[in-house]
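Novice: One structure, pasted below without further comment.
The values are calculated or read from the model by the stated rules, or taken from the named source; none is laboratory data. As the structure is a prediction and not an experimental result, all values here were calculated from the model. Reconstructed Cβ throughout: ideal geometry from the backbone, glycine too, with neighbour counts over all protein chains shown.
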Amino acid sequence: MKKAIFPVVLFLSMALVLGSALTTFAGRTAGVAIDDATITTKVKYELAEDVKLSTLKTVQVDTNKGEVTLTGKVHTQEQKAYAGITADKVDGVVKVHNMLSVVPEQ
């Protein structure tokens, strides 16, 4: 009986070890990383599609566990606020960290 249980226990142990290896270096599982990538893509699309933000080429979007961080430069405080509002409207976004810098056009 003990010999029959050993392979099952070994298999389950290996499955647990291999399953835990499916995390990224940032501690995110593969599913979370894919969801974050999808959110990032959607936010970038919405920012690019919006007429008020169509000139924004220096905005970077990063997502971690549904929290979106916007970095880069915009020309007005209105653009900064609008970028944050636009990102917040995307499905799956939990929170927006608007770290955009306002640098007026010269």
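Novice: I'd like the full set of residues that are surrounded by fewer than 16 Cβ atoms within 10 Å (Cβ to Cβ) and either over 14 Å from ASP62 (Cα atoms) or not acidic (Asp, Glu) (or both), limited to the stretch 74-97.
Specialist: HIS75, THR76, GLN77, GLU78, ALA81, ILE85, LYS89, ASP91, GLY92, VAL94, LYS95, HIS97
Novice: Of the residues that make up the stretch 78-90, is at least one of a type in the set (Asp, Glu) and touching a His at 6+ places or on another chain (Cβ under 6 Å)?
Specialist: No.
Novice: Filter the stretch 47-77 down to residues that are out of contact with any helix residue (DSSP H, G or I) (no Cβ under 8 Å at 6 or more places or on another chain) and part of a helix (DSSP H, G or I) and give me whichever is farthest from ASP36 (Cα to Cα).
Specialist: GLN77
Novice: Would a scan of the stretch 31-43 turn up a residue that is touching a helix residue (DSSP H, G or I) at 6+ places or on another chain (Cβ under 8 Å), in a helix (DSSP H, G or I), at pLDDT 65 or above and within 16 Å of ASP88 (Cα to Cα)?
Specialist: yes
Novice: Given the options LEU16, LEU22, name the one that is over 23 Å from the mean Cα position of the chain (by Cα) and modelled with pLDDT under 55.
Specialist: On inspection, the qualifying residue turns out to be LEU16.
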